[in-house]
Amino acid sequence: MLPTARVILGVPGRLVFGLLVLFAVLAFAYSVIRRVRVLQAGAPDNRFTRIPERIGRTLEYAFAQRRMFRDLYAGIFHIFIFAGFVVLTVRVVSLVVEGLVPGWQLLPGRVGDLYTLAKDVFEVLVLVGVAMAVYRRAFARPARLDLTGDAWLILFLIALLISADLVSEGAKVALHPELKTPFAPAVGAIAGLLGGCSPATLTALYEWGWWIHLVDILCFANYLPYSKHFHILASIPNIFFMNLEPMGRLAPVDIENSERFGVSRVEDLTWKQMLDGYTCTECGRCRVVCPTVLTGKPLDPKAFIGEVRDAVYAATPEILQASAFAPGGATADKASPRKELIGGWISEDTIWACTTCGWCTTACPVFIIPAVDKIVAMRRHLVLEKTEFPKEVQTAFRGMETNGNPWGMAAASRADWAKGLPVLTMAEAKGQEVEVLFWVGCAGSYEDRAKRVSRALTEILHAAGVKFAILGTEETCTGDSARRMGNEYLFQTLAQQNIETLNGYGIKKIVTNCPHCLNCIKNEYKDFGGSFEVVHGAQLVADLIAAGRVRMTGEIAETITFHDPCYLGRYNGVYDAPRQILRSIPGLELKELARSREQGLCCGAGGGRMWMEEKLGTRINQARMKEIAEAGTGAVGVSCPFCMVMIGNARDEIGVATQPFDVLELARRSMAPAP
Ligand code: SF4
Ligand code: SF4
């Protein structure tokens, strides 16, 4: 490390400097403690579990910033700046101590030399990173970014503090050439550039640079808690406390012992949901494939999480006043409009717009859940506390309550789709070996096209010699849509009924064609006593093809693309199985969509939107169908009955030729006849 060349401050200067540092540290602590106290006032959410796994994830996503590199350019400049700040933390401590205790060196000897080299390199890299960020904001201007003054101010402060330090050190070496070291090449180069300056100028540059560097850092630190750059502090804990449960699982609600349901005010949010707000970097990655943004609806996940954060900030004085930590423990006005999220910060149209497609959750580099958990919690409040929801939702709720399906069709006709097929119910198969239960689902039981897919799967299973059965009229709706539309009570009633039936038959393995049923039974039923291995029909059939138990021999001379269902792909990671089936069919050529797999655009049916009218903006299914048509294929494969309905409707609405097929329909068509 470069030795201190001279005493910068006399005793009065050191006193002023000491008071300045003390004031800055206290002000920073005050701001951060206020933010933490608000979190303490949030609803509980135990995230102190699986600590070794959390540490590993923090190293991978906070320090190595893995998700940032999905956008290579942004990932590169961000890691330069982040790593530079980590390295410079030591430098700041060193300089503060140097200001107070002249001649003191934090890292003497060889360690100091290596640190000097790291500091020198990373200061340059930070400046490169800032220049890249400036270029992107000023010239490239990706649509996901909003050009706020806050971002420019932060970039300016970073550039200033690094430049000031380099110039100060360079002037010091120019004044005292004996201090030049090969471990500080950038500083040495600056010293060379300053070589022609007078000693008075060099002294001024050294001292002014030193002051500017340190005052900038103190200002920067105190600005952070009030800017979007609070993420510099909040993102590491936010990543550490990330959701480790399956992405498709919504946290259960204690219906019997809760006095209030869902979220309407700021203090109804869990502390982690508030921390999500603190952590948002406003990078806009969450909005890129958000179907509601793309179709002009009021929900923008980036704006939504910003509103949650702004609401928390605005309510902070009242929350602190009401908190047990506040002196006097005064009680805040519970009905304060500043704390009202629904109708205050967030409109009901915003709350009902989300398809829960999960894009925003998987896109966020700092593991915020921008919308889904908070939106479902707000819907819970509207449905369970206020009985306020779009009127067509009532029809779906009533159908599920009375007939066990959102269409409200007769429960007694649930197994009619299987008429004429040699399909046994679990009751009929008593005493026989059943390898797997076929969970048909409401769509597979009642919706015409989905019924054909149910029949296709049973024929494939028969051909492969799989011993399976169905529940028949003992099956009822999983409650997935009810839950995502906020009716937790109805969901739990249906879930408990199904789990009792499944456990009663000792079911271990389930296959279903519906990704929503799959997600619900696989990821959510275990919270209510139902633990099952659940696979999608496409997964099971792909395995049967791979094992040679069924053969795809019939040629289908067609080019096809594939639309990834959100609850199969993003939520449950099943991307390959449907594609394996398509590729195994002779003559069928698969061409990927521009937005596919993790980047796939929702069809518009998830989150209960299947049962709601789409009155705002343009239609999501049509937006997706247009993308599909642009692929120029004759057909599109799907693996979800809801996607089939939405895409089929869009095809008719906008008049394109691309035909939708369920992958299993095509597999059935190509399958060799049973020997
Ligand atoms: S879940 Fe999907 S629809 Fe909802 S906000 Fe996120 S990206 Fe948009
Ligand atoms: S929620 Fe995440 S992805 Fe969305 S703007 Fe904030 S940091 Fe970026």
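A few notes on this one:
- Only one of ILE351, ILE369 that is under 21 Å from the mean Cα position of the chain (by Cα) and without any contact (Cβ under 8 Å) to a residue 60 or more places away in the chain: ILE351
- Total residues in the stretch 277-317 satisfying the condition of being over 24 Å from ARG70 (Cβ atoms) and open to solvent by 20 Å² or more (accessible area, probe 1.4 Å): the figure is 8.
- Residue pairs whose Cβ atoms lie under 7 Å apart, separated by 6 or more positions or on different chains, with the first residue in the stretch 43-59 and touching a residue at least 12 places away in the same chain (Cβ under 8 Å) and the second among the hydrophobic types (A, V, I, L, M, F, W, C) and assigned to a helix (DSSP H, G or I), are ASP45/TRP271; ARG54/PHE240; ARG57/ILE239; THR58/ILE236; THR58/ILE239; THR58/PHE240.
- The stretch 621-665, residues that are farther than 12 Å from PHE562 by Cα, surrounded by fewer than 24 Cβ atoms within 10 Å (Cβ to Cβ) and among the aliphatic types (A, V, I, L, M): ALA623, VAL645, ILE654, VAL656, ALA657
- Of the helices (runs of 4 or more DSSP H) lying entirely inside the stretch 136-248, those carrying at least 2 residues that are over 36 Å from the mean Cα position of the chain (by Cα) are 149-175, 185-193, 199-223.
- Check on GLU589, surrounded by fewer than 19 Cβ atoms within 10 Å (Cβ to Cβ), at pLDDT 95 or above and more than 18 Å from the chain's Cα centre (by Cα): yes
- Qualifying residues in the stretch 68-78 (those that are surrounded by fewer than 19 Cβ atoms within 10 Å (Cβ to Cβ) and either within 20 Å of the chain's Cα centre (by Cα) or of a type in the set (Phe, Trp, Tyr) (or both)) - the one farthest from VAL126 (Cα to Cα): ARG70
A quick yes/no check of all residues on (1) buried (at least 19 other Cβ atoms within 10 Å of the Cβ); (2) in contact (Cβ under 8 Å) with a residue 60 or more places away in the chain; (3) farther than 26 Å from LEU145 by Cβ:
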site: LEU205; (1), (2), (3): yes, no, yes
site: LEU214; (1), (2), (3): yes, yes, yes
site: PHE230; (1), (2), (3): yes, yes, no
site: LEU269; (1), (2), (3): yes, yes, yes
site: LEU275; (1), (2), (3): yes, yes, no
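- Matching residues, the stretch 512-551, being open to solvent by 50 Å² or more (accessible area, probe 1.4 Å) and among the charged types (D, E, K, R): LYS522, LYS526, ASP527, GLU533, ASP543, ARG549, ARG551
- Filtered residues of the stretch 113-166 (kept if within 20 Å of SER227 (Cα to Cα) and among the hydroxyl-bearing types (Ser, Thr, Tyr)): THR148
- Selection from the stretch 495-508 of residues that are more than 28 Å from the chain's Cα centre (by Cα) and open to solvent by less than 60 Å² (accessible area, probe 1.4 Å): ASN498, ILE499, THR501, LEU502, GLY506, ILE507
- Of the helices (runs of 4 or more DSSP H) entirely within the stretch 596-675, those holding at least 1 residues that are within 25 Å of TRP352 (Cβ to Cβ) and at pLDDT 95 or above occupy 620-630, 641-654.
- Top-ranked residue in the stretch 337-351 [being more than 11 Å from ligand 1 (Cβ to nearest atom) and part of a helix (DSSP H, G or I); ranked as least open to solvent (accessible area, probe 1.4 Å)]: LYS339
- Residues of the stretch 232-245 that turn out to be at pLDDT 95 or above and either open to solvent by 30 Å² or more (accessible area, probe 1.4 Å) or more than 14 Å from ligand 2 (Cβ to nearest atom) (or both), as a count: 7
- Residue among ARG398, ARG414 that is open to solvent by 20 Å² or more (accessible area, probe 1.4 Å) and over 29 Å from the mean Cα position of the chain (by Cα): ARG398
- Among the residues of the stretch 427-478, the one identified as β-branched (Val, Ile, Thr) and open to solvent by 60 Å² or more (accessible area, probe 1.4 Å) is THR473.
- As for the stretch 91-105, it holds at least one residue that is at positive phi, at pLDDT below 80 and open to solvent by 50 Å² or more (accessible area, probe 1.4 Å).
- Count - residues of the stretch 362-383 that are more than 14 Å from ligand 1 (Cβ to nearest atom), under 18 Å from GLU245 (Cα atoms) and in a helix (DSSP H, G or I): 0
- Just one of the numbered conditions (1) within 19 Å of VAL167 (Cα to Cα); (2) basic (Lys, Arg); (3) exposed (fewer than 13 other Cβ atoms within 10 Å of the Cβ) is not true of ARG110: (1).
- Residue count for the stretch 275-299 satisfying the condition of being more than 12 Å from ligand 1 (Cβ to nearest atom), part of a loop (DSSP other than H, G, I, E, B) and hydrophobic (A, V, I, L, M, F, W, C): 2.
Per-residue answers, yes or no, for (1) farther than 26 Å from LEU250 by Cβ; (2) free of Cβ contacts under 8 Å to residues at least 12 places away in the same chain:
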position	(1), (2)
ARG449	yes, no
CYS477	no, no
GLY506	yes, yes
LYS522	no, no
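- Residues that are more than 16 Å from ligand 2 (Cβ to nearest atom) and out of contact with any Gly (no Cβ under 6 Å at 6 or more places or on another chain), drawn from the stretch 261-303: PHE261, GLY262, VAL263, SER264, ARG265, VAL266, GLU267, ASP268, PRO298
The values are calculated or read from the model by the stated rules, or taken from the named source; none is laboratory data. All values derive from a computational prediction rather than experimental measurement. Virtual Cβ from ideal backbone geometry, glycine too; neighbours counted across all protein chains shown. Accessible surface areas use protein heavy atoms only, side chains included; no ligands, DNA or RNA. Shrake-Rupley method; radii C 1.70, N 1.55, O 1.52, S 1.80 Å.
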